[in-house]
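As structure tokens, the structure follows; a few thoughts come after it.
The values are calculated or read from the model by the stated rules, or taken from the named source; none is laboratory data. As the structure is a prediction and not an experimental result, all values here were calculated from the model. In this analysis, Cβ positions are derived from the backbone assuming ideal geometry, glycine residues included, and neighbour counts consider all displayed protein chains.
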Amino acid sequence: MVRVITFGTFDVFHVGHVNILERARELGDYLIVGVSSDALNYSKKGRYPVFNEEQRIRMVGAIHCVNEVFLEESLERKGEYLQQYKADILVMGDDWRGKFDHFNTYAKVVYLPRTQGISTTEIIETIKKRNV
Ligand code: C2G
């Protein structure tokens, strides 16, 4: 059984998120997703996600191609997570291309193309501009 792992915030869940999760799962038989914690987001981006970690974990876990979800509390612990969850393949969006290559001793590292034209930031901006 090939175990695939991926990581992300998955805030304001959208079709780009579904696309990457489905494609990640297609690379193996079992998909594990590390959902980044509120604290990790705050330390990385200086703001909290719109949806809190409990809600984001619930939503990602409800996607049918996802088999297991856990809270990613630190970027530095990726190697540890890969071992703990016995990952064979690490999938990341290509916005992270090259950044995770050094984990290839634990798992095969695969970058998948992002879905064009949609992002959490753009969705938030669109909503802000709307008055209906
Ligand atoms: N994604 C995508 N297409 C989009 C938007 C996002 O394929 N239009 C992918 C990203 O490349 C990422 C995943 O969906 O692989 C989750 O995206 P984010 O929530 O933006 O994740 P990020 O904040 O980059 O968190 O340990 C790393 C971090 O937890 C990654």
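Would you confirm whether or not segment 24-36 contains a residue that is touching a helix residue (DSSP H, G or I) at 6+ places or on another chain (Cβ under 8 Å), closer than 27 Å to MET1 by Cα, hydrophobic (A, V, I, L, M, F, W, C) and at pLDDT below 95? No. Taking segment 82-125 as the range and being within 14 Å of the chain's Cα centre (by Cα) and among the acidic types (Asp, Glu) as the test, the residues that pass are ASP94, ASP95.
Among the residues making up segment 51-64, those that are surrounded by 11 or more Cβ atoms within 10 Å (Cβ to Cβ) and either under 18 Å from VAL18 (Cα atoms) or at pLDDT below 95 (or both) are PHE51, GLU53, GLN55, ARG56, ILE57, ARG58, MET59, VAL60, GLY61, ILE63. Name the residues in segment 1-52 that are more than 12 Å from the ligand (Cβ to nearest atom), closer than 19 Å to LEU90 by Cβ and not in a helix (DSSP H, G or I), would you? Residues satisfying the conditions are MET1, VAL2, ARG3, VAL4, LEU27, GLY28, ASP29, TYR30, LEU31, ILE32. Of the residues that make up segment 70-85, is at least one within 12 Å of the ligand (Cβ to nearest atom), under 12 Å from THR6 (Cα atoms), of a type in the set (Lys, Arg) and assigned to a helix (DSSP H, G or I)? Yes, segment 70-85 has at least one match.
Show the residue pairs that are 6+ apart or on different chains and have beta-carbon atoms under 9 Å apart, the first residue being within segment 100-125 and more than 26 Å from GLU80 (Cβ to Cβ), the second being away from the ligand (no atom under 11 Å from the Cβ). Filtered contacts from segment 100-125: THR120/VAL50; ILE124/VAL50.
Inspect segment 31-38 for any residue being within 16 Å of the chain's Cα centre (by Cα) and among the charged types (D, E, K, R) and give the result as yes or no. Among the residues of segment 31-38, at least one is within 16 Å of the chain's Cα centre (by Cα) and among the charged types (D, E, K, R), which makes the answer yes.
Residues are listed down the side, and each one gets a yes or a no for (1) within 19 Å of ALA87 (Cβ to Cβ); (2) in contact (Cβ under 8 Å) with a residue 40 or more places away in the chain:
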| site | (1), (2) |
| --- | --- |
| ARG3 | yes, yes |
| ASN19 | no, yes |
| VAL35 | yes, no |
| ALA39 | no, no |
| TYR48 | no, no |
| GLN55 | no, no |
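Filtering segment 91-115 to residues that are under 17 Å from GLY28 (Cα atoms) and more than 10 Å from the ligand (Cβ to nearest atom) leaves ASN104, TYR106, ALA107, LYS108, VAL109, VAL110.
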